[in-house]
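Only one structure is covered here, and it is reproduced in the block below.
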Amino acid sequence: MQFNSYIFVLCFLPLCVCGYWIVNKFSIKMADWFLIWISVIFYGYVNVKYVGILGISIVVNYIAYLLITRSKKNRKVFLVGGIACNILLLVYFKYFNFLIENINMIFKGDFNIANIFLPLGISFFTFQQIGFLVDIYQNKIEIVSLKEYLLFVTYFPKISQGPITPYCEIIDQFQDKTKRNINYD
């Protein structure tokens, strides 16, 4: 869904804004979950398969986060493992067919080119999660709940087009209670 499309401007955005403010009046936690779900809907609007890839990426990175924070001896191993998983994801979706084409050309092979679709914004959410893991490793971030992490990764205005933003910049804005109310001025 593009930000300048009729479906976004006339349906999605009003639903998102109104829904958020209504849910926020009753529960801040539920308002955050509402933003997560509306962001997942936004991301999966073009192709539902994207949501599965995003979900797998989030689970792998959150597990890496837990392993890094709970380990005293193997923190670096878990950081490198998390980064490697992210890089492998990018290589597969962005460069696998390119590698196969070049192998076929160089070695006169006939390996089949896979029918791989390129998930929307994969570089943005992958590099954002790599930055998160590095910040965790460097102790720039402390404890992160699953809800905060999901909100950080999936937030719809930036998931498909960036920018790549540090965790603290985004979560601080969501935790600022003054931004949870409508400013009529």
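Every read-out reported here was derived from the displayed coordinates using simple, explicitly stated rules and does not represent laboratory data. If you're wondering where the values come from, they're calculated on a predicted model, not measured in any experiment. No Cβ is skipped: glycine too gets one built from the backbone with ideal geometry, and neighbour counts run over all protein chains shown.
With (1) more than 14 Å from Thr154 (Cα to Cα); (2) in a helix (DSSP H, G or I); (3) among the polar types (S, T, N, Q); (4) under 19 Å from the mean Cα position of the chain (by Cα) as the list, and Ser57 as the residue in question, which single condition is left unmet?
The number of the failed condition is (1).
For Leu79, indicate whether it is crowded, with 16+ Cβ neighbours inside 10 Å and under 13 Å from the mean Cα position of the chain (by Cα). Explain how you work it out, then say what you get.
Details: crowded, with 16+ Cβ neighbours inside 10 Å: yes; under 13 Å from the mean Cα position of the chain (by Cα): no.
So Leu79 does not fit the description; no.
Does Asn139 satisfy the condition of being exposed (fewer than 12 other Cβ atoms within 10 Å of the Cβ) and either over 28 Å from Met1 (Cβ atoms) or free of Cβ contacts under 8 Å to residues at least 12 places away in the same chain (or both)? Even if it seems obvious, please write down each step before you answer.
On the way: exposed (fewer than 12 other Cβ atoms within 10 Å of the Cβ): yes; either over 28 Å from Met1 (Cβ atoms) or free of Cβ contacts under 8 Å to residues at least 12 places away in the same chain (or both): yes.
Yes: the conditions hold for Asn139.
Of the numbered conditions (1) in a loop (DSSP other than H, G, I, E, B); (2) under 30 Å from Ile171 (Cα atoms), Asn86 fails exactly one; give the number of that condition.
Unmet condition: (1).
Which pairs have Cβ atoms under 6 Å, sit 6 or more apart or on different chains, and link a residue in region 12-39 that is farther than 22 Å from Tyr184 by Cβ to one that is polar (S, T, N, Q)?
Pairs found: Ile36/Thr154; Ser39/Thr154.
Sort through Ile103, Ile122 and tell me the only one that's surrounded by 12 or more Cβ atoms within 10 Å (Cβ to Cβ), free of Cβ contacts under 8 Å to residues at least 60 places away in the same chain and among the hydrophobic types (A, V, I, L, M, F, W, C).
Values: Ile122 fails: free of Cβ contacts under 8 Å to residues at least 60 places away in the same chain.
Among Ile103, Ile122, only Ile103 is surrounded by 12 or more Cβ atoms within 10 Å (Cβ to Cβ), free of Cβ contacts under 8 Å to residues at least 60 places away in the same chain and among the hydrophobic types (A, V, I, L, M, F, W, C).
Can you tell me which of Asn61, Asn24, Asn4 is farther than 30 Å from Leu88 by Cα and buried (at least 17 other Cβ atoms within 10 Å of the Cβ)? So that I can check it myself, show each step before the final result.
Details: Asn61 fails: farther than 30 Å from Leu88 by Cα; Asn4 fails: buried (at least 17 other Cβ atoms within 10 Å of the Cβ).
Testing whether each residue is farther than 30 Å from Leu88 by Cα and buried (at least 17 other Cβ atoms within 10 Å of the Cβ) leaves just Asn24.
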